[in-house]
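The values are calculated or read from the model by the stated rules, or taken from the named source; none is laboratory data. None of the values given here were measured: they were computed from a predicted structure. We place every Cβ from the backbone using ideal geometry, glycine too, and count neighbours over all the protein chains shown.
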Amino acid sequence: MNWTAFSRRLVSAALAVALAAACSDDNTTAPSTDRVFNQVQRLGNPLVSEVFLAKRDHAFHGSTAPTIDVAAFTPIIRGFTDNVAGRDTTVGKTLAAVLLPDELLVQSDKDPASAGWLTWALANGWGGRKLTDDVVTAGLQAIFGALLDPNNTTQALADDHVDANDVPFGATFPYLAAAH
């Protein structure tokens, strides 16, 4: 037997042993439970951190879990709508109930055509967020405009006056145009 034939047999035997070991029931491992993850940021509803929270609180909000949102941020949302926006207390209560915890909810049993920011809460819709949703203007309408209460509005503050996207969305993932 020459060296090449011997090498092939040796490689084949090693491969067969490796495959057999990989398929063996004795060689199974469970997922690792000792991983530690470092949450860098979260932003489900832009109003929570971008409108209601002071800049100094952004890092705290971004690094905490949604489980503490109701306790930590309800007073801030209520204080902002009552004192800064000058709205009736029901507006603050409604916004806190809808925005907290700061998560995007999806009602997969609803029609996907009803997808859109806060549609799960305000229109019995699918929820989520579409790229075309103008969440800032919708949020400002909820805080200062007539969306939740037609009384005591400040219409001048109810629109961000940002026009539609200046570059069309793509037809395939990731859909967004390159930064420019």
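Quick notes
- Subset of segment 82-109 (residues that are closer than 24 Å to Arg129 by Cα and either out of contact with any Ser or Thr (no Cβ under 8 Å at 6 or more places or on another chain) or modelled with pLDDT of 95 or more (or both)): Lys93, Thr94, Ala97, Val98, Leu99, Glu103, Leu104, Leu105, Val106, Gln107, Ser108, Asp109
- Which numbered condition Ser108 fails, given (1) under 20 Å from Leu53 (Cβ atoms); (2) over 15 Å from the mean Cα position of the chain (by Cα); (3) surrounded by fewer than 16 Cβ atoms within 10 Å (Cβ to Cβ): (1)
- The set of residues from segment 36-48 being modelled with pLDDT under 85 and either surrounded by 12 or more Cβ atoms within 10 Å (Cβ to Cβ) or more than 17 Å from the chain's Cα centre (by Cα) (or both) comprises Val36, Phe37, Arg42, Leu43, Gly44, Asn45, Pro46, Leu47.
Here is a yes/no grid of residues against (1) within 13 Å of Leu47 (Cα to Cα); (2) surrounded by fewer than 16 Cβ atoms within 10 Å (Cβ to Cβ); (3) β-branched (Val, Ile, Thr):
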site	(1), (2), (3)
Ser63	no, yes, no
Phe73	yes, no, no
Asp88	no, yes, no
Leu95	yes, no, no
Leu104	yes, yes, no
Lys130	no, yes, no
Leu140	yes, no, no
Ala156	no, yes, no
Thr172	no, yes, yes
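- The set of residues in segment 101-150 being touching a Pro at 6+ places or on another chain (Cβ under 8 Å) and either free of Cβ contacts under 8 Å to residues at least 60 places away in the same chain or on the phi > 0 side of the Ramachandran plot (or both) consists of Pro101, Glu103, Trp126.
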